[in-house]
Amino acid sequence: MEEKQVRDGREKEGKFLNELDNLLSVMYKIGASDLHLKPMRPPLVRVNGDISELSDYKVLKPEDIERMVLKILRPHQKRKLEERLSVDIGYGVRGIARFRGNIYVQRGTLAASFRIIPYKVQSMEELELPDTLLDFCSLPMGLVLVTGPTGSGKSTTLAVLINYIARTRPVHIITIEDPIEFLFHDNKATIAQREVGTDTISFAEALRNAMRQDPDVIMVGEMRDLETIATTITAAETGHLVFSTLHTNSAAQTIDRILDAFPPQQQKQVRSQLAQILKGVVSMKLVTRKGGKGRVPAMEIMKTSPRIAELIEKGNIADIPEEIEKSVEYYRMQTMNQSLLALLVYGTISIDEAMRQSPDPEDLSLKMRKMFPRLEQKGGEEMPSTADFSEILKLQEYRKLYEEQEEKHNLQLMEKDQEISMLKQEIASKEQEIVQLKKRMEDMKKEMEKMRGDFKRLREEAQQRIDKLMARIRELNRKLEGGDRKSGLFG
């Protein structure tokens, strides 16, 4: 950490810093992410990923740390510290920020770590997160996991997603945290935040209770044990959208960690459940910007496509990274190496940092050599020179190829548009024919009804004539019979 930052922070406080609130205030002002209090050392801060001493401040004695931390603990937190020798807390300094703290025992004395949690949840753009993550926010149900080592930005990313849902969807959100970190406010959604130890006994208990609290979205701070993992899976199966975190470094490792938490005889069933409910895994790490000015997230993004769901169900977890790498264009997935390569191409990070952070440096090196063939000749120290005109010619060639591909693509689109237009015309013609046929059928139906009526009328008239004729015949027969008898008398 630069001396000027420390000096500016001290001058703004205006006094020697030996109380917790003042130390947290200085930590905030100099842009540190973490504060560490350890006996027989000055306060330690982490700035841009590196830890250094606040050397102008006095060495902390065990009684100094004890005095500072015990007075901010609630009775139940003190009991937990006594029983488990460690306790997580949430703590706020008015007008500054909130902090997530852990008070623990080391070498028989108290020590503490505090991480800053801003009052304001930052936006996707401010954190330079890819907007493909917002696809998870519109899901009706399922399980989304944000993973990574401690300090990789999991909680911050999760807060951004929950805050986005709160602003855009009229739903009920329940968060279960230990401790509560970011403070959310009702917006389009309504939010209930529950803290383990204060508002509920455990993650699993809070999850079971949440089922009866009409939630649409549930955020579980961390899936720490088998009971919490099993209850989280059940919550996602019953129609809720569930977000949670795990301390794993990749999607494949995340799935393996979940499966390993269950007994062997249950793992087949759990694989089948995950294939159905797991919607995505985001694995993060923070990498140092070029020049050491801050850090930026690199992330592997897996979305559960039909193929990945099949790999999970069949237990072919090792094939998932290859499938992620092949699904960049259609599903907008990416591996960690692809993420690092994108940061490298945009000049956000250095080659050395990319190689240092890569889970597979050989694969990354191969990808870089394919993209920048002359990189190896330059010893991997720099990208192609901006003063090299040959590089411009190469870019022009790439542009020409791109324009050719774009023209070809546009022609294909035009052909498809023409096909669609012709199909629409055919559909319209068929619809017109159907209308005409319906009209003809109606006319024929009316004509048939008329014919039935005419036939009935003619039949009735004919019957009347037949009846009259039969009556006439009977009358004539009677007369004829009478004439025959007369002839017999006088003949």
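Here are the numbers for the structure shown:
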{"item": "Candidate set: the stretch 78-99, residues that are surrounded by fewer than 18 Cβ atoms within 10 Å (Cβ to Cβ) and among the charged types (D, E, K, R); chosen: the one nearest to Asn22 (Cα to Cα)", "result": "Arg94"}
{"item": "Members of the stretch 210-221 found to be charged (D, E, K, R) and either surrounded by fewer than 17 Cβ atoms within 10 Å (Cβ to Cβ) or closer than 14 Å to Ala261 by Cα (or both), listed by number", "result": "Arg212, Asp214"}
{"item": "Tally, over the stretch 314-343, of residues that are polar (S, T, N, Q) and assigned to a helix (DSSP H, G or I)", "result": "3"}
{"item": "From the options Ser283, Ser272, residue that is in contact (Cβ under 8 Å) with a residue 60 or more places away in the chain and either of a type outside the set (Lys, Arg) or closer than 12 Å to Thr147 by Cβ (or both)", "result": "Ser283"}
{"item": "2 or more residues farther than 16 Å from Leu143 by Cβ: qualifying strands (runs of 3 or more DSSP E) within the stretch 200-313", "result": "278-288, 295-303"}
{"item": "Lone unmet requirement of (1) in contact with a Ser or Thr (Cβ under 7 Å, 6 or more places away or on another chain); (2) crowded, with 18+ Cβ neighbours inside 10 Å for Arg257", "result": "(2)"}
{"item": "Residue match in the stretch 298-321 (condition: over 23 Å from Leu134 (Cα atoms) and of a type in the set (Gly, Ala, Ser))", "result": "yes"}
{"item": "Residue check, Thr156 buried (at least 18 other Cβ atoms within 10 Å of the Cβ) and part of a helix (DSSP H, G or I)", "result": "yes"}
{"item": "Any hit, the stretch 125-133, residues being polar (S, T, N, Q), in contact with a helix residue (DSSP H, G or I) (Cβ under 8 Å, 6 or more places away or on another chain), touching a residue at least 12 places away in the same chain (Cβ under 8 Å) and surrounded by 14 or more Cβ atoms within 10 Å (Cβ to Cβ)", "result": "no"}
{"item": "Total residues in the stretch 159-197, condition without any contact (Cβ under 8 Å) to a residue 60 or more places away in the chain, assigned to a loop (DSSP other than H, G, I, E, B) and touching a Ser or Thr at 6+ places or on another chain (Cβ under 9 Å)", "result": "6"}
{"item": "All positions within the stretch 305-317 that are without any contact (Cβ under 8 Å) to a residue 60 or more places away in the chain and either small (Gly, Ala, Ser) or crowded, with 17+ Cβ neighbours inside 10 Å (or both)", "result": "Ser305, Ile308, Ala309, Leu311, Ile312, Gly315"}
{"item": "First in the stretch 198-225 and closer than 22 Å to Ile89 by Cβ, second anywhere and aliphatic (A, V, I, L, M) and part of a loop (DSSP other than H, G, I, E, B), Cβ under 9 Å, 6 or more apart", "result": "Thr198/Ile180; Asp199/Ile180; Phe203/Met223; Gly221/Ile180; Met223/Ala261; Asp225/Ala261"}
{"item": "Residue selected from the stretch 20-59 under the condition of a type in the set (Ser, Thr, Tyr) and within 22 Å of Leu286 (Cβ to Cβ), by the criterion surrounded by the fewest Cβ atoms within 10 Å (Cβ to Cβ)", "result": "Ser52"}
{"item": "Scope the stretch 159-207; condition among the polar types (S, T, N, Q) and crowded, with 20+ Cβ neighbours inside 10 Å; matching residues", "result": "Asn163, Thr175"}
{"item": "Single condition Met299 does not satisfy, out of (1) in contact (Cβ under 8 Å) with a residue 60 or more places away in the chain; (2) at negative phi; (3) exposed (fewer than 14 other Cβ atoms within 10 Å of the Cβ)", "result": "(3)"}
{"item": "Verdict on Asn102 being out of contact with any Leu (no Cβ under 8 Å at 6 or more places or on another chain), crowded, with 18+ Cβ neighbours inside 10 Å and of a type outside the set (Gly, Ala, Ser)", "result": "no"}
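Just so you know, all these numbers are worked out from the coordinates, no wet-lab data involved. Computed from a prediction, not measured in an experiment: that's the story for all the values here. Note: ideal-geometry Cβ built from the backbone for every residue, glycine included; neighbour counts use all protein chains shown.
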